[in-house]
1. So if each residue of separation counts as 0.36 nm, and I subtract the Cα-Cα distance between TYR32 and LEU51, what length gain in nm does that give?
2. When the Karplus curve 6.51 cos²θ - 1.76 cosθ + 1.60 is applied with θ = phi - 60°, which whole-Hz ³J(HN,Hα) does each residue of the stretch 8-21 get, with x for Gly and Pro?
3. Loop-only check: which trypsin sites (Lys or Arg not before Pro) in the stretch 27-71 are DSSP coil with at most 11 other Cβ within 10 angstrom?
4. What label, among (1) 5.5; (2) 6.5; (3) 4.5, belongs to mean projected area of the Cα convex hull in nm² computed from the structure on display?
5. Treating the beta-carbon of each Lys and Arg as +1 and of each Asp and Glu as -1, no other charges, what is the dipole magnitude of the chain about its Cα centre, to the nearest 20 debye?
6. For a footprinting-style exposure proxy, rank GLU68, GLU11 by other Cβ within 10 Å, fewest first.
Amino acid sequence: MTTLRYGLKVEANNVWAVVDVFTGQPVVVDGYLMSNLPRDEADDLLDILNLKDRIRRGTIQLPPRPPEDRG
């Protein structure tokens, strides 16, 4: 099984950060620090970022889009 790239870390006042598990640092997406988040938002971002990373690394493949969805 592939190690997931991102994890969650609880911060002060019960807010959460999405962190890179290899560096331990909070993730920055499009210039925004993924920190000081409610748990549900942090969990959603975690799922999205790990999926994108697994696709990038080739450990998961999405099915091809149907022809009618292609532009």
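Derivation of every value follows stated rules applied to the coordinates shown; laboratory data play no part. In this text, all values refer to a predicted model and were calculated from it rather than measured experimentally. Note that we place each Cβ from the backbone using ideal geometry, even for glycine, and neighbour counts take in every protein chain shown.
1. On the way: separation 19, 0.36 × 19 = 6.84 nm, distance 1.91 nm.
Result for the pair: 4.9 nm of gain on full extension.
2. Whole-Hz 3J(HN,Hα) from phi for the stretch 8-21: 10, 9, 7, 10, 4, 6, 6, 10, 10, 10, 8, 10, 6, 5.
3. Answer by residue number: ARG70.
4. Structure-derived value, by its label: (2).
5. With only Lys, Arg, Asp and Glu charged at Cβ, the dipole is about 380 debye.
6. Ordered by Cβ neighbours within 10 Å, fewest first: GLU68, GLU11.
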